[in-house]
Structures are given as structure tokens and as C-alpha cells.
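Take a look at the structure set out below.
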Amino acid sequence: MMMIMIWFCLLMRLIDITKARSDIFFLRYYCPNTTSYYTPNSTYKANLHSLLSNLYSNATRADNNGFHHTTAAAGNDTVHGLFLCRGDVSTHDCGRCVADAGKTILELCANGKTAMVWYDYCLLRYSENSMLGILDQSVWFPMKNPDNNTRPNEYMQMVGNMLDELITPASGGSGGKKFAVLQDNFSGFERVFALGQCTPDLSNVDCQICFRSAINTLPGCCYGALGARAMYPSCYVRYELYAFYNLSTVAPPPPPSPIHPPPPPPPTMLSNSTSSKGSRGKSSAKVIAASVVSVTGILLFVLCFCFFKMKRAKKSHSDVKKTTSGMTEIPIDESVQYDFGTIQAITNYFSPDNKIGEGGCSSVYKGRFPDGQEVAVKRLSSSSRQGDVEFKNEVALVAKLLHRNLVKLLGFCLHGEEKILVYEFVSNKSLNYFLFDPEKKHLLNWSTRFKIIVGIARGLLYLHEDSPLKIIHRDLKASNVLLDGDMNSKISDFGLARVFMADQTQENTNRVIGTYGYMSPEYVKHGLFSVKSDVFSFGVILLEIITGKRNNSLSMKSTGAKDLLSYAWKHWREDRALEMVDQSLRGLYSRDEVIQCMNVGLLCVQEDVDERPTMANVVLMLNSFSATRRTPSNPPAFFNGGIERISVGGTVDQSMNEVSISDLYPR
């Protein structure tokens, strides 16, 4: 019995040694092909050696906190460098890793002025250019375990949720570290461990962007893999089915009796380094793999001790600013930034077969993520006049808005000149796709139309009064109302939206942009806009839904009306309101609902701003048909697409369809 115990203790010691060695194995290195080189006797080389020595010295200090940035600047050849040790490793192991990385990087990237090397315990990099506080996504490397889970869809959904949950704590960090871990049960015998870390010199927002980019790469490279990681120069994420980090330093200590399983063989590298010396990294990995394989029998014995239940680790209004152009810009800190390669993959490289819609200066493609989720990808063309501020507005605003009658933005992509928005896929396209098509409008019975009207009203009410920010849409029209599978309306396209302060009532601009026919007269004439501007646009859409006619339909000219508003007013004033109801309804509608909707629509398009109701009043009137009706006045007259007697001090951009998918299909 004593001999068995001694033998067992020796096995545990051997496993500990094997684990310690494998935990710090070399992963990847990167020597940019575009980098410049230094000569053997140059000042740069001397500065580089001084910098690496400084990094090692700081890595061995008890107060190093796992990160240090420094500069060696003798002469004109300045060198910038940093190391980042994994948040759970000891000072001793951090120093050991940085020392080894410093030697290895000089061999692998000989004479290069820029280089990076990744170990399991640390990252080390240097460059002739400053890197402090700069988000770097110039290169990324995935690695994965060669084995796949037998339930990949459920497994990847759980992994995705865990990694998403890590973003906030890992971006905020504590004690100077931007590092967080998480563990959760996948099944009775499978426990998933996840980790995320970012360089502490980055802002919380930049860390979140980096983490989301890393997480978004995993479905494309490592779908279903038992374990995987994605590494950027500025951050990395990882998940495994074993405790690859030191539980005692980052989580409540485990029960005393169970034995933690040693790690499996190193994960398979997905791609070869572009450097000619990539074989060295592979050789290092093979040596470690051989060491682990040699104790396979021991591992099988130890695994029988490893099935236990552990206590689950504790899971662990943005400021608005004005730009020089007068637009309101909101930090995009709550949206997913997708990698351009991911967008290409899910749309089959923007295949024409995937195109589901096209507007003035943008196209929409249907995409599908590996987990089966369908999305709509809006790609702005290079000729789009939507600037960075308008684009960021749409990203920032929609990310903050959660309402069943608003389209859900899943994320965005900025890649060179590419501006891309990723939305939930809305299966029934846009309102105008049905409403203005002679055949498809028959699918919109009155109960469906009324549900759409109420949905738009509730969505606007949320924007104006109930959302975290008081928002004016400014481009509400039938093509910007999407319909889901149950024909619920969803307001979309926030490229022109503006944020108001809590006590702000109106604002003015010298650049009037939008679509004529939906813009209020005070906006077109004087550049003034407010919540009542959206109310006016809603009134136009409401009348379009009732009549089935576009606001500039030629079929109204035969009646002597110049536009939809004068057409509706003429019938209302002559007590012939029901005659303008869409004939495709064939009289099958509620008379009270139609009359009430007409009354509300005409009140919404009053020329006097004060005579228009708020959206709160609109929602109330739509649900109270017996309420006393206010009498509307003559609405403003439109002519040739614009309001008569226009006198705008600034510029007017008519029908800015490039900021929206204006025809046919959803985003």
C-alpha cells in the first residue's frame, strides 16, 4: 500500500512538471514583411537589447502587474516595446516567459525593427513606432483543439455566451489588469473554462472592440472545437474543457480532494507563419506534444480522479458630443465589430445570389453565421455621402435601442473604405414592398395594416420618450419600416437620427437632408426639427397605409390634388373620407378605426407644429376610438416633391436615399 502511495505521488509530481512546461510553450510569432531592418552594429540594435533587458527586469518585479511598456531612445533610433503576461501567472513565471520570449524573438525575426511573439504565458513585442494606447488588429492568429464536440451547436452557443459575458469585466479590469475568467458546466462531465485579456494601456472601448473582433473570428475558424483561442496584438480570448489557468489566483479555491486534469496536447495551428523561419515554432510545439504523449498512460490513470463538481466561479447614458459639422456623435461602445473576413464569408463574398435589396448608395445581402443565424448585411457603396459621423450614429444609436418595433442592430464593420451594418434578418421585407405593389398589397388586410400603424407609433413613442436617449429619427418613411414574420413593424435606418437633451425641444440645421414628401414644412423651410418632425412623417405614412398610395402618386392628380396630403384633406373636408380607402381592402375594414386613423393622420401633418399631437397622444387616440376627435386644419401644400414657397437659408439634399435602403428589401 505504501509503495502504491509513493508511486502515485511520483506520478503527480511528473504531471505537475509536464503541466508547468506545457503551460508556457511557444505559440506564434510575427515578423511583418513590410518592416524595416537594422544593421548588426547599429544604434537600433543596441537600443533593442537595452529595451529587452529593461522588459525582463520589470517582469521579475513583484509589482509589475503583468504588463510593462518602455522605450529605449539613445540616438535617433528609438525602440518601443512591451510585454503582457497572462493575468493569473506568478511573477516568477512571468519573468521566465519574458526572458525566453526576448531570446526567441531575436532569432525568429532577425534584424527586423518590428516583431511580436506569443507564448502561453506572455506576449512580447517591439517596434520602431509607438504602440502605447493604440488598438492593434493588424494581424490575428487562431488556434484550436483538433477534437470537436459532439453537440457543436449547443456547445458553441454556450461558449459564445461565456465569452460575451467576459467582455465587460475584462475590458474594465481590476487592479490595473484587463483580465477576466469564467467557468460553467456544459454537461454533467464537461466544464468549460474561458479567459479574456487585453493590454491595460487601451481604453475600455478599444478593449471591447478588440474582444468582439477576436470572438467573432472563432465561429469561422474553430466551430465545434473543444478548445480554441484567437490572438491579436492587443487582446486574446480562449476557451477549453480543462482548467488551463491557475484557479487559485482567479477563482474561489476548489475542493481539496479532487485532482485537476493536466492539459491535453497543444492545439493545432490553423495557419503557417508568413516568415521563412516558421518551422522553428512548429518544432517547439512538436517537442511539447511528444512530452505529453509520453505520459499518455499516466493521464488515463489520473483522469478517473477528475470527475467532480466545483463551485461555479462568480460571474464576475454614454456622453454625447458635438462634432465640427454640428452632428451629434455617440461613442460606439455597445456594438459588435465584425471582422471584414467574417462578413465576406457569411455573404459568400457579397455574391449576387445573396443580394436581397438595393438602395440609392447601398446594397443589402443575406448572410448566415455558422450557427445558422440569418442576418441582413447593409453595405454602403463607395459613392455614399454618409460620412463617418452619420455611420457611427446609426451604429451607436441602434445598439442602445431595445424595442420590439425597432430593428435590432447586431454589429458593424469598418474596413478601409468599407462601411457595413449587420442587422437581424427581417423576413417580410419592408412596408413599401407590399403597400405599393398592385398584387402584394392584397396581403395587407385592414387588421394587419392597423397593427403596423400601432407598431410604428409605439416605436416612435419609445424613441421620443422611453429610450435611454431622446432620439429624433428624421428619415421615417415606408421603406424604412420593416415587417417581421408576423407582420410586426420595425423602424430601421438611423443614419440621420439626432439625439436631444432631456429638456431640449427643437434644433436647427443648415443642411436639410431626408426625403421630400415625408419632411415637415418647418424642417424644409427653416431647417428646424423636433419630435414633431417625426410626428409629421408618421402622419404621411399613416395616410399612405390607409390609401395604398405613395405621397406623390400620379393617380391622385386626376382628382385635382397635388399630393397625398391635399388628396386626403379634400376627401375629409367633403365628408367622403371612406372613398379614399385602398380599394384592395374591398370594404373589409372597421369604419371607426379607419375614420380615427384618418383623423390622427391629418392631425399629424398640420403645418403648425403646436397643432400636431405628441406620439403619446397618438398612441392614446389609436386605442380610444370613442374619444372626442380634434378637428384638423388644412395641411401644408406640396408641389413637385417639395413644399411651396421654400426658403431655406442653408443647403438642401433631396431624397438622401444613400443613407437608407429605400426600396424593396430589409437590412
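Give me the residue from the range 102-153 that is closer than 24 Å to Ile209 by Cβ and among the charged types (D, E, K, R) and, out of that set, modelled with the highest pLDDT.
Arg125
Being aliphatic (A, V, I, L, M) and at pLDDT 85 or above narrows it down to one residue among Ala73, Ala20, Ala62; which is it?
Result: Ala73 is the single residue among Ala73, Ala20, Ala62 that is aliphatic (A, V, I, L, M) and at pLDDT 85 or above.
Residues checked against (1) surrounded by fewer than 16 Cβ atoms within 10 Å (Cβ to Cβ); (2) of a type outside the set (Val, Ile, Thr); (3) modelled with pLDDT of 90 or more; (4) in contact with a Leu (Cβ under 7 Å, 6 or more places away or on another chain):
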{"position": "Leu554", "(1), (2), (3), (4)": "yes, yes, no, no"}
{"position": "Trp569", "(1), (2), (3), (4)": "no, yes, yes, yes"}
{"position": "Asp575", "(1), (2), (3), (4)": "yes, yes, yes, no"}
{"position": "Glu579", "(1), (2), (3), (4)": "yes, yes, yes, no"}
{"position": "Gln606", "(1), (2), (3), (4)": "no, yes, yes, no"}
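Give me the residue from the range 206-231 that is β-branched (Val, Ile, Thr) and in contact with a helix residue (DSSP H, G or I) (Cβ under 8 Å, 6 or more places away or on another chain) and, out of that set, modelled with the lowest pLDDT.
Selected residue: Thr217.
If I ask for residues that are among the hydroxyl-bearing types (Ser, Thr, Tyr) and in a loop (DSSP other than H, G, I, E, B), which ones from the range 176-217 would you list?
Thr199, Ser203 - these are the residues of the range 176-217 that are among the hydroxyl-bearing types (Ser, Thr, Tyr) and in a loop (DSSP other than H, G, I, E, B).
For the range 23-44, how many residues are part of a helix (DSSP H, G or I), under 17 Å from Thr104 (Cβ atoms) and modelled with pLDDT of 65 or more?
Number satisfying all stated conditions: 0.
How many residues does the range 575-613 contain that are among the β-branched types (Val, Ile, Thr) and over 16 Å from Val454 (Cα atoms)?
Residues flagged as among the β-branched types (Val, Ile, Thr) and over 16 Å from Val454 (Cα atoms) within the range 575-613 amount to 3.
Of all strands (runs of 3 or more DSSP E) completely enclosed by the range 399-505, which ones contain at least 2 residues that are over 21 Å from the mean Cα position of the chain (by Cα) and outside the structural domain of Thr217 (by TED's automatic domain parsing)?
470-472, 481-483
Yes or no: Val192 β-branched (Val, Ile, Thr), surrounded by 23 or more Cβ atoms within 10 Å (Cβ to Cβ) and under 23 Å from Asn148 (Cα atoms)?
No.
Select from the range 355-374 the residues that are touching a Phe, Trp or Tyr at 6+ places or on another chain (Cβ under 7 Å) and closer than 21 Å to Tyr155 by Cα and write down the one among them that is surrounded by the fewest Cβ atoms within 10 Å (Cβ to Cβ).
Looking at the filtered set, the residue picked out is Glu374.
Which residues, counting only those in the range 110-143, are part of a strand (DSSP E or B) and among the small types (Gly, Ala, Ser)?
Gly112, Ala115, Ser127
Return yes when Ile356 is outside any helix (DSSP H, G or I) and either under 17 Å from the mean Cα position of the chain (by Cα) or modelled with pLDDT under 90 (or both) and no when it is not.
Spelling it out, Ile356 is indeed outside any helix (DSSP H, G or I) and either under 17 Å from the mean Cα position of the chain (by Cα) or modelled with pLDDT under 90 (or both).
Return only the number of the condition from (1) farther than 21 Å from Thr168 by Cβ; (2) at pLDDT below 90; (3) of a type in the set (D, E, K, R) that Lys400 does not satisfy.
Among (1) farther than 21 Å from Thr168 by Cβ; (2) at pLDDT below 90; (3) of a type in the set (D, E, K, R), Lys400 violates only (1).
The values are calculated or read from the model by the stated rules, or taken from the named source; none is laboratory data. From a predicted model like this one, the values you see are computed outputs, not experimental measurements. Because the Cβ atoms are built from the backbone with ideal geometry, glycine has one as well, and the counts that use them run over all protein chains shown.
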